[in-house]
1. May I ask you to list pairs of residues, at least six apart or on different chains, whose Cβ atoms are under 9 Å apart, with the first in segment 198-211 being more than 19 Å from LEU171 (Cα to Cα) and the second being of a type in the set (Phe, Trp, Tyr)?
2. Looking at (1) touching a residue at least 12 places away in the same chain (Cβ under 8 Å); (2) surrounded by fewer than 17 Cβ atoms within 10 Å (Cβ to Cβ), which is the only condition LEU216 fails?
3. Inspect segment 191-200 for any residue being touching a Pro at 6+ places or on another chain (Cβ under 7 Å) and either on the phi > 0 side of the Ramachandran plot or not in a loop (DSSP other than H, G, I, E, B) (or both) and give the result as yes or no.
4. Among the numbered conditions (1) touching a helix residue (DSSP H, G or I) at 6+ places or on another chain (Cβ under 8 Å); (2) in a helix (DSSP H, G or I); (3) in contact (Cβ under 8 Å) with a residue 60 or more places away in the chain, tell me where HIS140 comes up short.
5. Every residue in segment 99-135 that is surrounded by fewer than 16 Cβ atoms within 10 Å (Cβ to Cβ) and hydrophobic (A, V, I, L, M, F, W, C), please.
6. Does LYS179 count as touching a helix residue (DSSP H, G or I) at 6+ places or on another chain (Cβ under 8 Å), closer than 19 Å to ASP109 by Cα, without any contact (Cβ under 8 Å) to a residue 40 or more places away in the chain and not aliphatic (A, V, I, L, M)?
7. With SER75, SER60, SER47, SER80 as the choices, which residue is small (Gly, Ala, Ser), farther than 28 Å from ASP136 by Cβ and modelled with pLDDT under 90?
8. (1) modelled with pLDDT under 95; (2) closer than 26 Å to VAL65 by Cβ: which one isn't true of PHE152, the others all being true?
Amino acid sequence: MLNNAIAKLLQTKILNGEYPPGKALPGQRVLAAELGVSRPALREALSVLETLGLIDIRQSKGVFVPDPKNQTASSTSKISHRIREVFQFRLAAEPYAAAMASRLRSDDDLERLKASHYRMRYALEEGQLIDAAQEDFNFHHTIFSILQNSIFTDTRRRVATDLHSAQLSPLRNREELMKPLEEHQKIINAIQDQSPERASAAMAYHIRSAAIRGGLSDDDI
């Protein structure tokens, strides 16, 4: 998607210090012209970066790179009602999907899960948060695809944009960036061992933990 490509370019500029902490990015009109993109596409990319906590969009003031020294709890816990609903949906659906996947998976399915897990690890180690979120999405999509259930597939397709946003939000928590990998590994192990109970429990724990990393509370989900 174009907005992800723009977001990745801006992410690189932020991480390499071209846009330093505490400083504002160029205005959206100027920035869109510099990048050769439309302003609507730029706004979508900025929304992705804000969800990741890489920028702070301040109404009537501009777009700033957060300074970790000055961040407060309120500035690091922005989360929309829609993302809350997505995590509630995921907690209802994904433990069941993981349990069924453990019964139905093939060796090829297992290899696809492991490959996505590896790519997510690589992206996180390289600081490529947008790529990491995409591989997180792919990991969970693979589990649903094992079921070959058109209702699940169609439902996920309809809310794909919301799912992507929800899977960006936990990456705001820089202190626990590698936690999803530990949780994914437990899910993989359970699916590999064809243990529905363990797969369901591991997935439920993962979704709850991801929601909390993304700024939700136990009461929200």
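The values are calculated or read from the model by the stated rules, or taken from the named source; none is laboratory data. As the structure is a computational prediction, the values presented were derived from the model and not from experiment. Positions of Cβ are generated from backbone atoms using ideal geometry, with glycine treated the same way; all protein chains shown enter the neighbour counts.
1. SER200/TYR96
2. The one condition LEU216 does not meet is (2).
3. Filtering segment 191-200 for residues touching a Pro at 6+ places or on another chain (Cβ under 7 Å) gives 200.
Filter once more, keeping what is either on the phi > 0 side of the Ramachandran plot or not in a loop (DSSP other than H, G, I, E, B) (or both): 200.
Looking for residues that are touching a Pro at 6+ places or on another chain (Cβ under 7 Å) and either on the phi > 0 side of the Ramachandran plot or not in a loop (DSSP other than H, G, I, E, B) (or both), one finds at least one in segment 191-200, hence yes.
4. (3)
5. Once the filter is applied, which keeps residues that are surrounded by fewer than 16 Cβ atoms within 10 Å (Cβ to Cβ) and hydrophobic (A, V, I, L, M, F, W, C), segment 99-135 yields LEU104, ALA115.
6. Details: touching a helix residue (DSSP H, G or I) at 6+ places or on another chain (Cβ under 8 Å): yes; closer than 19 Å to ASP109 by Cα: no; without any contact (Cβ under 8 Å) to a residue 40 or more places away in the chain: yes; not aliphatic (A, V, I, L, M): yes.
Taking the combined requirement at face value, the residue does not satisfy it.
7. Numbers: SER75 fails: farther than 28 Å from ASP136 by Cβ; SER47 fails: farther than 28 Å from ASP136 by Cβ; SER80 fails: farther than 28 Å from ASP136 by Cβ.
Result of the check over SER75, SER60, SER47, SER80: SER60.
8. Here PHE152 meets the rest and fails (2).
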